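Novice: Okay, here's the structure, questions in a sec.
Nothing in this text is a laboratory measurement; each read-out follows from the coordinates by a stated rule. The structure displayed is predicted, hence computed values, not measured ones. Neighbour counts run over all protein chains shown; Cβ positions are idealised from the backbone, glycine included.
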Ligand code: FES
Ligand code: FES
């Protein structure tokens, strides 16, 4: 009886928990420009103002689309290993 | 007694489940270059071969660091809204 109760309670709670973890495991952008159907950014290289610009790929930057170093906390908290893409102009 | 058993079994399994969902909800890169401590990519604009290049920010592309459209499936499956960053050269 005890094992049945355990079985039943696990059975009851497992599907919603799995659903929850599956869903949140796939959503990447927590809160950036959620009014846009798809967040795409453009850089025209002729407009590159400084020698380089780093674009965020962790979706945690407060200066999105630019990298502000927030990937470090993300990597530490999760064991992930992500970072920006850096667009550079060769030094003159 | 029954409610205690339920309480005990939920108590026992909740922390690892929460840990799991927290962890996977934050990990973004499933399998790209996991041997690297931090995945950073560089483009020197002088090396831009074609008129534009799209960099993946969903970490699901099979042509990473380039976008291959995999963000579409990610967005559909999760309700997310992410897309690439596009580096362009003005048409001549
Ligand atoms: S802050 Fe997101 S990649 Fe650096
Ligand atoms: S495939 Fe990842 S952003 Fe397009």
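Novice: Exposure proxy check: B:72, A:57 ranked by fewest other beta carbons within 10 Å?
Specialist: Neighbour counts put them in this order, fewest first: B:72, A:57.
Novice: How far, in nm to one decimal, is residue B:34 from itself in the other copies if the label point is set 7 angstrom along Cα toward Cβ? Shortest first, please.
Specialist: Its label point is 3.0 nm from the equivalent points in the other copies.
Novice: Which of A:48, B:43 has the fewest other C-beta atoms within 10 Å, and how do the rest follow up to the most?
Specialist: A:48, B:43
Novice: If I model a spin label as a point 7 Å beyond the Cα along the Cα-Cβ vector, how far apart are those points for residue B:72 and residue A:35 in nm?
Specialist: So the two model labels end up 2.7 nm from each other.
Novice: Kindly give the distances from residue A:52 to its copy-mates, label point to label point, with each label point 7 Å from Cα along Cα→Cβ, as nm values to one decimal ordered shortest first.
Specialist: 2.5
Novice: Residue A:66 label points, 7 Å along Cα→Cβ, one per copy: pairwise distances from this copy to the rest in nm, shortest first?
Specialist: From this label point to the equivalent ones elsewhere in the assembly: 2.8 nm.
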